[in-house]
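The values are calculated or read from the model by the stated rules, or taken from the named source; none is laboratory data. For clarity, every value in this text was computed on a predicted model and none was experimentally measured. As a convention, Cβ positions derive from the backbone with ideal geometry for all residues, glycine included, and neighbour counts pool all protein chains shown. All accessible areas refer to the heavy atoms of the entire protein, side chains included, with ligands and DNA or RNA removed. Shrake-Rupley method; radii C 1.70, N 1.55, O 1.52, S 1.80 Å.
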Amino acid sequence: MNDALNEAELPPAEAVAQLSKKKGVCALTGVEMARKNLVVLDSLRPTLAEHIRRDFPELEDHSLISIKELARYRTRYVEEILREEHGEYSDLDREVAESIARQETIAENIEDDFEEHRTLGERLSDGLAKFGGSWSFLISFGLVLVVWMAINAIIGEGKAFDPYPFILLNLVLSCIAAIQAPIIMMSQKRQEEKDRLRSSNDYQVNLKAELEIRHLHEKMDHLITRQWQRLAEIQQVQLELLQDQQAIKPKRPKVVVRKAKKKPKPKVEGSSAPPATPEPA
């Protein structure tokens, strides 16, 4: 409300100038939008600016480009870099390029995402595989075997439910081994899938970090070069101003300093010194 009142109080020319500062026109699409959604072409790193000038060679350094178009050209630029270096452009590379253009994070917590999508059978297989590969399983299974054989040996061959040579026990052990092996394989398969997702995410993060560091170096070099050029221009302007001031500065008249004449000393009575002769004027 206050901004509207202030613009109403301004003269027409000043109001138009103030509105032009808040809005701008994209040099690529010709669409008028808010100034905060536009970027000056000269502020971009030289490689990206040259990539944009390939399609629009008439652009000037102070041209404005929308953030949406800039993101699209950033994606194309990263795609060309990856094609030149890797010789191919995979889906992982495409996701990295899009994340750089959107300025989003690509790191993910694979453990939490993977655990949330497990089914009941997968959880059961993981639990059994975890228990089957522990000392608790070995100790408990050994105790069961000892108790089984001890009971059948104490009861005797006539009343034992599994007399020596413990054929039923061998059948149970074979069934346990036959069931345990596929369960462990299912758990290992899921673990391999989790490792594959983790390695692909690490690859994307490392690739994005490498590209961002490269772009940052290019941006810093560009800013340092521009800053040195501006400092040199400012220094040149200061030297020209000093030269102009010295040329315009009026010359001061020379001041002649004259020495004061010494007064003759008065004659003292009773003195044998000859009288002092006055100096000629």
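So here's what we get for this one:
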read-out: Scope region 89-125; condition polar (S, T, N, Q) and either closer than 18 Å to residue 71 by Cα or over 22 Å from the mean Cα position of the chain (by Cα) (or both); matching residues; value: 90, 99, 103, 105, 119, 125
read-out: Enumeration of residues in region 19-43 that are at pLDDT below 80 and either open to solvent by 60 Å² or more (accessible area, probe 1.4 Å) or part of a loop (DSSP other than H, G, I, E, B) (or both); value: 19, 20, 21, 22
read-out: Flag if residue 79 is farther than 30 Å from residue 35 by Cα and either more than 19 Å from the chain's Cα centre (by Cα) or of a type in the set (D, E, K, R) (or both); value: no
read-out: Residue count for region 117-131, restricted to those that are closer than 9 Å to residue 190 by Cβ and surrounded by fewer than 14 Cβ atoms within 10 Å (Cβ to Cβ); value: 1
read-out: Candidate set from region 132-183 (those that are of a type in the set (Phe, Trp, Tyr) and loosely packed, with under 10 Cβ neighbours inside 10 Å); member that is modelled with the highest pLDDT; value: 135
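Yes/no matrix, rows are residues, columns are (1) in a helix (DSSP H, G or I); (2) within 24 Å of residue 30 (Cβ to Cβ); (3) free of Cβ contacts under 8 Å to residues at least 12 places away in the same chain:
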{"site": "70", "(1), (2), (3)": "yes, yes, no"}
{"site": "74", "(1), (2), (3)": "yes, yes, no"}
{"site": "94", "(1), (2), (3)": "yes, no, no"}
{"site": "107", "(1), (2), (3)": "no, no, no"}
{"site": "111", "(1), (2), (3)": "yes, no, no"}
{"site": "127", "(1), (2), (3)": "yes, no, yes"}
{"site": "131", "(1), (2), (3)": "yes, no, yes"}
